[in-house]
Amino acid sequence: MKIVAFVLTALGLAYGSYLVYLYIAQDGMVFPGRAADAAREQEIGRYYADLRPFDVTAADGTKLTGYYLPRTRNGHPAPAVLYFCGNAEQQSGFFLWSPNELQPYGVAGVDYRGYGHSAGKATEKALKSDALAVYDALAQKLGDDPRILVMGRSLGTALAAWVAARRPVAGLILVTPFDSLASVGQQAHPFVPVRLLMKYPFNVLPDAAKVRAPTLFLVAGEDTLVPPVHAERLAAAWKGPKEVRVIDGATHGNIVDTPEYWTYIRDFVKKHLH
């Protein structure tokens, strides 16, 4: 009996230590941060002669930095696509290739706190507030009656949906979206009370009932990081018009490299940024 009690106590301590580790480490898991890449910044500057810095001051005074590639239509700023990165991305990576695929529209994006040259520390509350500030700053650049299509990938889908539920977006693109980050974490750790431990649950379901803009869901059929069931749950709760495209064989990381990816995006953007 003493041996059993010892084993159970050891297991309990190990389990408790694991819970403490998950709670402490989650900031780094959700927001790993990405340092600015000077070589890549120079590269996108060479690719796009009209590329401009896009600096936004957050509600609490934090300076956020990113990029804006303006394009014109009939002498006026063209409608624009505003991109929110995944948690392992930085905007300079998105700008390496995406503006070519998004012609003839403007392209904009700002790095999260702790990413690139953006100051501050990322939290769910801060990033949601920042997302609205970024949208408003871009709308101001576009002038009267701005048309902005919001796009997000992975973690960025929660921020894109947050904006679309609160601002008059022309459309919304969600790449590898989820119903809530807590739900994704719970599936990955079935024996852990993830919902109790999560500081940043990123629950998108409340916004699913509010968005009325046309929305494109792009789902990776072989996604093991954010399994497709989470996109299915979100799409089922979505009240506005939606298209759901599942790219068979695609994973969370390589969906952007599939031939269908930009075809679906270009068709959707052309339809809704007229």
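The values are calculated or read from the model by the stated rules, or taken from the named source; none is laboratory data. Remember, predicted model here, so these are calculated numbers, not experimental data. Using ideal geometry, Cβ is built from the backbone for each residue, glycine included, and neighbour counts are taken over all protein chains shown. Ligands, DNA and RNA are excluded from the accessible area calculation, which covers all protein heavy atoms including side chains. Shrake-Rupley method; radii C 1.70, N 1.55, O 1.52, S 1.80 Å.
Please turn the phi angles of region 183-193 into ³J(HN,Hα) values with the Karplus equation 6.51 cos²θ - 1.76 cosθ + 1.60 (θ = phi - 60°), one per residue in order, whole Hz, x for glycine and proline.
5, 4, x, 5, 5, 6, 10, x, 9, 10, x
Can you list residues from other chains, or at least 5 along the same chain, whose modelled amide H is less than 5 Å from the amide H of residue 246?
Answer set, sorted by chain and number: 219.
Excluding same-chain residues fewer than 8 positions from residue 271, which lysines have a Cα within less than 30 Å of its Cα?
Leaving aside lysines fewer than 8 places away in the same chain, those within reach of residue 271 are 128, 141, 210, 239, 242.
Got the relative contact order for the chain handy, in percent, Cα pairs under 8 Å and 6 or more residues apart? Display every interim value, and only then the final one.
On the way: 511 pairs, mean separation 40.5, N = 274.
Across the chain, relative contact order equals 15 percent.
Take each of the peptides 184-191, 29-36, average the number of other beta-carbon atoms within 10 Å over its residues, and list them starting from the highest.
Averaged packing, sorted descending, gives the order 29-36, 184-191.
Dipole of region 31-273 (Lys/Arg Cβ +1, Asp/Glu Cβ -1, origin at the Cα centre): which of 190, 174, 126 lies farthest to the positive side?
Looking along the dipole axis, the top candidate is 126.
Name the long-range amide H neighbours of residue 147: under 5 Å, sequence gap of 5 or more, or other chain; modelled H, no Pro or chain starts.
80
With the other protein chains left in place, how much accessible area per residue, in square angstrom, belongs to region 70-211 at a 1.4 angstrom probe? Don't jump to the answer; show the numbers that get you there.
Numbers: 5080 Å² over 142 residues.
Using a 1.4 Å probe on heavy atoms only, each residue of region 70-211 averages 36 Å².
Non-local amide H neighbours of residue 115 (under 5 Å, H modeled in plane, Pro and chain starts lacking H): which ones?
Counting only residues 5 or more places away or on other chains, the set is 34.
If you count, for each residue, the other Cβ atoms within 10 Å and average over each peptide, how do 43-53, 144-154, 205-215, 237-247 line up from highest to lowest?
Details: 43-53: 13.0, 144-154: 21.5, 205-215: 17.6, 237-247: 15.6.
Highest mean packing first, the order is 144-154, 205-215, 237-247, 43-53.
If you plug each phi of region 158-166 into the Karplus form 6.51 cos²θ - 1.76 cosθ + 1.60 with θ = phi - 60°, what whole-Hz ³J(HN,Hα) values come out, in order, with x for Gly and Pro?
Couplings: 5, 6, 4, 5, 4, 5, 5, 7, 10 Hz.
Based on Cβ point charges of +1 for Lys and Arg and -1 for Asp and Glu, what charge dipole magnitude is obtained for region 31-273 about its Cα centre, in debye rounded to the nearest 20?
Numbers: 27 positive and 24 negative charges, 130 e Å.
I would put it at about 620 debye.
Setting aside same-chain residues fewer than 8 positions from residue 63, which aspartates and glutamates have a Cα under 13 Å from its Cα?
By straight Cα distance, residue 63 reaches 55, 111, 130.
Set the Förster radius R0 to 30 Å, insert the Cβ-Cβ distance between residue 237 and residue 55 as r into 1/(1 + (r/R0)^6), and round the FRET efficiency to 0.05.
Calculated transfer efficiency: 0.25.
Once phi is turned into θ = phi - 60°, what whole-Hz ³J(HN,Hα) does the Karplus curve with 6.51, -1.76 and 1.60 give for every residue of region 85-98, x standing for Gly and Pro?
Ordered by residue, 3J(HN,Hα) equals 6, x, 6, 9, 9, 9, 4, 4, x, 5, 6, 5, 10, 5 Hz.
Once neighbouring chains are kept in place and the probe is 1.4 Å, which whole percent of the accessible area of region 46-183 is contributed by carbon and sulfur?
That fraction is 49 percent.
Let a ≥ b ≥ c be the square roots of the eigenvalues of the Cα gyration tensor of region 159-274; is it rounded (a/c under 1.5), or, if not, prolate (a/b larger than b/c) or oblate?
Oblate, since a/c reaches 1.5 and b/c is not below a/b.
For region 31-273, report the translational diffusion coefficient in µm²/s to the nearest whole number, using Stokes-Einstein at 25 °C, 0.890 mPa s, and a Kirkwood Rh over Cα pairs. Could the numbers behind the result be given before it?
Working: Rh = 18.0 Å.
Result for D is 136 µm²/s.
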